[in-house]
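Values in this text are rule-based calculations from the coordinates and carry no lab data. Not measured: the values here are computed from a predicted model.
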Amino acid sequence: MIHINTQTPDSTPPLSARPLSLPSRRAGFPWVAKGWRRIASVLALAFTGLATAQPVAQQLRVARLSAGMHLITAEVAASPMERQIGLMHRPSMPANHGMLFIFEEPGAHCFWMKNTLLPLSIAFLADDGSVVNIADMQPQSEASHCPKKPVRYALEMNQGWFDKRGLRAGSRIGGEPFSPGAVPGR
């Protein structure tokens with residue numbers, strides 16, 4: 001009978017029986033591991049900041065409007081995205097400032113206050129700037145506020161602004177959007 005020696009002369013086990021050993025993390029380039037950890041930390045902080053950040057107010061064109069002797073500085077929301085964002089997430093609005101929503105066509109354009117932090121009043125306006133109706137809207141509410149007839153324009157102001165100035169249905173808002181021959185949204 002022939003005996004085959006599977007042991008190497010120095011009594012170490014064959015290669016297939018040896019445990020696999022990998023170089024330690026500290027071997028080679030330790031600064032690479034630290035660099036990746038730093039990058040991962042910075043990215044984690046950045047994504048955390050993005051997740052908790054509030055949207056920044058839109059940069060919109062401004063229209064100068066008037067209601068009798070009262071002047072209004074109104075941001076113009078004319079695109080679908082501008083109208084969708086509106087005054088959301090804003091903690092305050094200066095006195096005599098508002099937002100004018102302009103739609104391509106007259107319609108029953110209803111509004112709600114989801115993610116809107118300030119109480120507002122909205123005036124629904126006919127093409128000539130006359131007030132169709134006014135509604136007060138509460139912050140963070142999903143209740144719908146709609147015009148009594150199809151309109152192309154709506155003007156949001158701080159709550160009570162229209163009432164304090166005696167404006168009601170039939171009152172008129174003046175300014176470039178309501179001038180004869182004006183192009184809506186421009």
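Among all the aspartates and glutamates, which ones have a C-alpha under 20 Å from Lys149's C-alpha, if same-chain residues fewer than 8 places away are not counted? Once the sequence-local aspartates and glutamates are set aside, what remains near Lys149 is Glu104, Glu105, Asp127, Asp128, Asp136. Taking Cα centroids, how far is segment 74-104 from segment 112-186 in Å? Value for the Cα centre distance between the two parts: 11 Å.
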